[in-house]
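K.L.:
Below is one structure. I have some questions about it.
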Amino acid sequence: MLPELVSPDGDAHVGSNGEKFSLLEANKKIYPRSVSGFFSKWRWGLVILTQLVFYGLPWLQWGERQAVLFDLEARRFYIFGLVLYPQDFIYLSGLLVIAALSLFLFTAVAGRLWCGFSCPQTVYTEIFLWIEHRIEGDRSARLLRDAELMSGNKFLRKGSKHLVWLLLSLWTGFTFVGYFTPILELGAEFASFQLSAWEMFWVFFYGSATYGNAGFLREQVCKHMCPYARFQSAMFDHDTLTVTYDELRGEPRGARSRKADPAQLKLGSCVDCSLCVQVCPPGIDIRKGLQYECIGCGACADVCDTVMDKMGYARGLVKFSTQNAITNGWNRAETIQQVLRPRVLVYAATLTGIVVALAVSLTLRVPFKVDVVRDRNAVVREVDGGLLENVYRMQLMNATEVNQEFRLTVHGLPDVRLASPDRVAVGATQSRWVAVRVQVPVDASKSGSYPIQFEIEALSGTGHVTEKSVFLLPR
């Protein structure tokens, strides 16, 4: 018979030996301890840098417009001096490929660097924790306060913390929408309570997501919602730099006085203080080996180094290293030599090639676009003078911030000519549809479909474009 899996009271599961157990472990709130050190300084440096860019970029002006603006309504993207149209999707594809290869490269070299130092979830969690620490106190004070009953002091501190979190979250949502609606215009609408429904939705939606993810979910996002944690092992190998506990040096662990000789006590360098667990954002014990929850922030390495300094031991019990380096006792030079393995060099070469190709393409890019389609509502017709005429619709998109005039010519059939104006003016960053009439003599060729080419040249000398189409001759 199969063992009973659910107990009669439904609160637990029962094994074949009658012992109750739980299939789901309750998530306990994690109270990360603040830490300072080499990796902490790098992490905070990147927090400041990324947030200066995120919050500051929408306010930067470029001429008479916002320097970076994704105008979805007008279907134009402004990135400093570049004006991009949906037809420039190839550049977005290139950026996505660069981002993917960069992730592969950085992961192959040093694990989850993105997660530990630049991921928005990590960045905002770090900011929210800093606010919590400034208002509620350090880890021990927060633990004691959460354990006590509600009081005036507890309500005031908790309320103040959440108020600051909410204000920061709303400002984050407002800034996010400011990349899609000119932020000065958005600010005026916000101040006068005239936000559109979609603008209001995205401000509060993005603000709520920031508040919930960074204030409450925190490590749960990294553990259960982010797919990167699950497939990162496919990009790791024994020569990937990860946060590593030197088990050969640290074990057996145990408490001792500073003056004690660990060799006489037959102990390793680990004093079993558990500070590495207390500072870890996901709350894992790095001494149990690499775990998928580890985001590679290096907080455990920082706090362990402070303990080693106090004990008078060498630093590096917990450090960024590779499994092969720990096993074989390699020095730093040998470790770096193995890190720069063929896989990494291939990633780096491919990434460099794509970046260079994208940069060259943007540099040589013709700053206007042309689309030509036959007017299906106007069939081939015979006009005065013994001529046959086809009508086309041409869209000219000016991707510069100055007015442009274009000259049109057509080739491909004997005596083919334009019957419509050959000069078209298009305003700065504007697009314009024009009707183009093309005529040929009745006896120009046999009936059928013939390829023709439109030449569109910018009179400002910024380049020319060739667009293909067909001319239909009736039977």
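K.L.:
Starting from the Kirkwood Rh over alpha-carbon pairs, what translational D in µm² s⁻¹ does the stretch 220-367 have by Stokes-Einstein at 37 °C and 0.692 mPa s?
P.N.:
184
K.L.:
Place +1 on the Cβ of every Lys and Arg and -1 on the Cβ of every Asp and Glu in the stretch 428-469, take the dipole about the Cα centre, and give the residue among 461, 429, 447 whose Cα lies farthest towards its positive end.
P.N.:
The residue sitting most towards the positive pole is 447.
K.L.:
A further question on this structure: Using θ = phi - 60° and the Karplus curve 6.51 cos²θ - 1.76 cosθ + 1.60, what whole-Hz ³J(HN,Hα) does each residue of the stretch 293-307 get, with Gly and Pro shown as x?
P.N.:
6, 5, 9, x, 7, x, 4, 5, 5, 4, 5, 5, 4, 5, 5
K.L.:
R0 = 22 Å: FRET efficiency of residue 65 with residue 395, Cβ-based, nearest 0.05?
P.N.:
So, using R0 = 22 Å, E works out to roughly 0.45.
K.L.:
A follow-up question, please. So between residue 434 and residue 134, what do we pick up on full extension, going 0.36 nm a residue minus the alpha carbon distance?
P.N.:
Result for the pair: 101.8 nm of gain on full extension.
K.L.:
Size of the dipole of the chain about the Cα centre, Lys and Arg at +1 and Asp and Glu at -1 on the beta carbon, nothing else charged, in debye to 20?
P.N.:
Charge dipole of the chain: 1060 debye, to the nearest 20.
K.L.:
Would you list 429, 50 from fewest to most Cβ contacts within 10 Å?
P.N.:
50, 429
K.L.:
Another one. Of the labelled options (1) 39.0; (2) 32.8; (3) 21.4, which one gives mean projected area of the Cα convex hull in nm² as computed for this structure?
P.N.:
Label (1) holds the value from this structure.
K.L.:
HN-Hα J couplings of the stretch 194-200 from phi, Karplus 6.51/-1.76/1.60, θ = phi - 60°, integer Hz, Gly and Pro as x?
P.N.:
Residue by residue, the stretch 194-200 yields 10, 5, 5, 4, 5, 4, 5 Hz.
K.L.:
With no solvent and one point per C-alpha, what does the Debye sum give as log10 I(q)/I(0) for the stretch 194-270 at q = 0.16, 0.28 Å⁻¹?
P.N.:
-0.84, -1.19
K.L.:
Taking 0.36 nm per intervening residue step and subtracting the Cα-Cα distance, what contour gain separates residue 259 from residue 340 on full extension?
P.N.:
So the extension gain works out to 25.0 nm.
K.L.:
Continuing with the same structure: List the pair-distance distribution P(r) of the stretch 268-338, using every Cα-Cα distance, as the percent of pairs falling in each 5 Å bin from 0 up to the bin containing the longest distance, rounded to whole percents.
P.N.:
3, 16, 26, 22, 21, 11, 2
K.L.:
So, one more: From the phi angles alone, apply the Karplus equation (6.51, -1.76, 1.60; θ = phi - 60°) to the stretch 269-281 and give each ³J(HN,Hα) in whole Hz, x where the residue is Gly or Pro.
P.N.:
Running phi through 6.51 cos²θ - 1.76 cosθ + 1.60 with θ = phi - 60° gives 7, 6, 8, 6, 7, 6, 5, 5, 6, 5, 8, 6, x Hz.
K.L.:
So, in nm, how far is label residue 407 from label residue 419 when the simple model puts each one 7 Å beyond its Cα toward the Cβ?
P.N.:
It works out to 2.4 nm between the two label points.
K.L.:
Tell me the angle of helix 152-177 to the major Cα principal axis of the chain, expressed in degrees between 0 and 90 and rounded to the nearest ten.
P.N.:
With rounding to tens, the tilt is 20 degrees.
K.L.:
Ranking request for peptides 369-377, 292-300: highest mean number of other beta-carbon atoms within 10 Å first, then the rest in descending order.
P.N.:
292-300, 369-377
K.L.:
Which one of 173, 131, 117 is farthest out on the positive end of the charge dipole of the stretch 114-182, using unit charges on Cβ (Lys, Arg +1; Asp, Glu -1) and the Cα centre as origin?
P.N.:
131
K.L.:
Can you tell which of 295, 51, 345 lies farthest toward the positive end of the dipole of the stretch 28-365, using +1 and -1 charges on the Cβ of basic and acidic side chains (Lys, Arg; Asp, Glu)?
P.N.:
Farthest towards the positive end: 295.
K.L.:
Can you put 132, 401 in order, fewest other beta carbons within 10 Å first?
P.N.:
Taking fewest neighbouring Cβ atoms as first place, the list is 401, 132.
K.L.:
Lys and Arg at +1, Asp and Glu at -1: add these up for the other residues within a Cβ distance under 10 Å of residue 301 and post the number.
P.N.:
Value of the local net charge: 0.
K.L.:
Here is a further query. Ranking 397, 150, 235, 225 by Cβ neighbours within 10 Å, fewest first, what do you get?
P.N.:
150, 225, 235, 397
K.L.:
Related question: On C-alpha positions alone, give me the angle between the axis of helix 89-110 and the longest principal axis of the chain, in degrees, nearest 10.
P.N.:
Value to nearest ten degrees: 20.
K.L.:
OK, next. Please compute the length gained on full extension between residue 231 and residue 95, using 0.36 nm multiplied by the number of residues separating them and subtracting their Cα-Cα distance.
P.N.:
46.8 nm
We did not get these values from a lab; they are worked out from the coordinates using the rules stated. Not measured: the values here are computed from a predicted model. Neighbour counts run over all protein chains shown; Cβ positions are idealised from the backbone, glycine included.
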